[in-house]
Amino acid sequence: MELKQSLKDLVFTKSLLKQQVYNSTKETFEIFRSTTRELIDLFKQERQQNGKDVRFEFTDRGDFEFEVKFGGDVLVFMMHTNVFEFSRNHEVMKTPYIRENPNRSFCGVIHIYNFLADSFLYQRDNDLGYMIGRVFVNAEKHYFIEGKRELGMLYNNFNNSLISSETVQNIVESAIEYTTNFDLLTPPYDEVKLVSVGEMRTNFDKKSLVTGKRLGFHFQADTD
C-alpha cells in the first residue's frame, strides 16, 4: 500500500498551515493579555493618584480566556482553539491580498464580549452579554476585526494591518471606549409590564429574570 502524493501534500500542507495560524493567534492572544493587564494597572495608578473610587480588576481564566472589570462593566477576551476560513462571499475574500495567496484566508479568532459586572457578582445566569468584536489573525499575523463602531470601523484593512503591541493597545482601548459608551437602556415597557406570581414570591429570582444592555431592542451592526 502506498499513499497518493496528492493526499500526502494535502494533509501535511493544510495541517502545517493550521498549526502556523494557531501559533500566530496564540502569540497574539498573549499580547492582548499582557497589554490589557498593563492598561488596567495604569488605570489603577490613576485611581490611586486622584482618589477616584472606580473598580479595576484583571483576572486570568486559563490559557484561552481572561477578563477585565472597570466600573460596572466586564470585558471577556476568549481565543478559539480552532482555525477558520472566511466564507466565499465575505468581503475579505475579494481583496488582492487573499487572491494572491488563498491560504491567507485561514484565521484564528479572538472574541471580545461585554457583560455587566453585576451579572457575575449576583450570579444572574440568564443575563445577556454582547460580542462587541472578533479579531481574525492569519499565519502572517495580519488581522481583521468585525465589530461594533470603534472596533469594526477602525480595523478592517486586512491587507496592511499587522499585529503589534501598539495595534493591540489601540484595539483594547477602543473596546474599553465602546463599552463605556454602550449604556444600559431601560427595556421597552411592554417587555417588562407582566410578572408572574412565582417571580414576585421569589423576589425576582436572580436566575429567572434577564438583564442586558439592549434587552428588548434590536442589536445589529452599527452603521453610524
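May I ask you to say which residue of M93, M78 is surrounded by 12 or more Cβ atoms within 10 Å (Cβ to Cβ) and either at positive phi or not in a helix (DSSP H, G or I) (or both)?
The unique qualifying residue is M78.
For F115, all conditions in the list (1) part of a strand (DSSP E or B); (2) open to solvent by less than 40 Å² (accessible area, probe 1.4 Å) hold save one; what is the number of the exception?
Result: F115 fails condition (2) only.
Got at least one residue in the stretch 3-13 being under 23 Å from N138 (Cα atoms), touching a residue at least 24 places away in the same chain (Cβ under 8 Å) and among the β-branched types (V, I, T)?
No, the stretch 3-13 contains no residue that is under 23 Å from N138 (Cα atoms), touching a residue at least 24 places away in the same chain (Cβ under 8 Å) and among the β-branched types (V, I, T).
Which members of the stretch 118-134 meet the condition of being open to solvent by 20 Å² or more (accessible area, probe 1.4 Å), closer than 20 Å to E57 by Cα and in contact (Cβ under 8 Å) with a residue 40 or more places away in the chain?
D118, F120, Y122, Q123, R124, G129, Y130
Quick check on this structure: which one of R99, R88, R37 is at pLDDT below 90, of a type outside the set (A, V, I, L, M) and out of contact with any Cys (no Cβ under 7 Å at 6 or more places or on another chain)?
Values: R99 fails: at pLDDT below 90; R37 fails: at pLDDT below 90.
Testing whether each residue is at pLDDT below 90, of a type outside the set (A, V, I, L, M) and out of contact with any Cys (no Cβ under 7 Å at 6 or more places or on another chain) leaves just R88.
Collect the residues in the stretch 93-111 that are farther than 19 Å from Y22 by Cβ and touching a strand residue (DSSP E or B) at 6+ places or on another chain (Cβ under 8 Å), keeping them in residue-number order.
Within the stretch 93-111, Y97 is the sole residue that qualifies.
Could you tell me whether the stretch 81-100 includes any residue that is in contact (Cβ under 8 Å) with a residue 24 or more places away in the chain, hydrophobic (A, V, I, L, M, F, W, C) and under 19 Å from E177 (Cα atoms)?
So far as the stretch 81-100 goes, no, none of its residues is in contact (Cβ under 8 Å) with a residue 24 or more places away in the chain, hydrophobic (A, V, I, L, M, F, W, C) and under 19 Å from E177 (Cα atoms).
Just for the stretch 39-61: of the residues that are touching a residue at least 24 places away in the same chain (Cβ under 8 Å) and either aromatic (F, W, Y) or surrounded by 14 or more Cβ atoms within 10 Å (Cβ to Cβ) (or both), which one is nearest to F120 (Cα to Cα)? Show your work before the answer.
As a first pass, look at the stretch 39-61 and keep what is touching a residue at least 24 places away in the same chain (Cβ under 8 Å): 39-40, 43, 55, 60.
Narrowing further to those that are either aromatic (F, W, Y) or surrounded by 14 or more Cβ atoms within 10 Å (Cβ to Cβ) (or both): 39-40, 43.
Working: L39: 22, I40: 19, F43: 21 Å.
The qualifying residue nearest to F120 (Cα to Cα) is I40.
Where residues in the stretch 133-154 are over 21 Å from N103 (Cα atoms) and not in a helix (DSSP H, G or I), which of them is modelled with the highest pLDDT?
Within the stretch 133-154, the subset over 21 Å from N103 (Cα atoms) is 133, 147-154.
Applying the additional criterion that residues be not in a helix (DSSP H, G or I) yields 133, 147-148.
Working: G133: 90, G147: 81, K148: 68.
That would be G133.
Report, by residue number, each residue of the stretch 1-15 that is within 35 Å of the chain's Cα centre (by Cα) and either assigned to a loop (DSSP other than H, G, I, E, B) or aliphatic (A, V, I, L, M) (or both).
Initially, the stretch 1-15 is screened for residues within 35 Å of the chain's Cα centre (by Cα), giving 9-15.
L10, V11 - these are the residues of the stretch 1-15 that are within 35 Å of the chain's Cα centre (by Cα) and either assigned to a loop (DSSP other than H, G, I, E, B) or aliphatic (A, V, I, L, M) (or both).
The values are calculated or read from the model by the stated rules, or taken from the named source; none is laboratory data. This structure is a prediction, so every number in the text was calculated from the model and none was measured. Cβ sites come from the backbone with ideal geometry, for glycine too, and all protein chains shown count toward neighbours. Note: accessible area is taken over every heavy atom of the protein model, side chains too, but ligands, DNA and RNA are not part of it. Shrake-Rupley method; radii C 1.70, N 1.55, O 1.52, S 1.80 Å.
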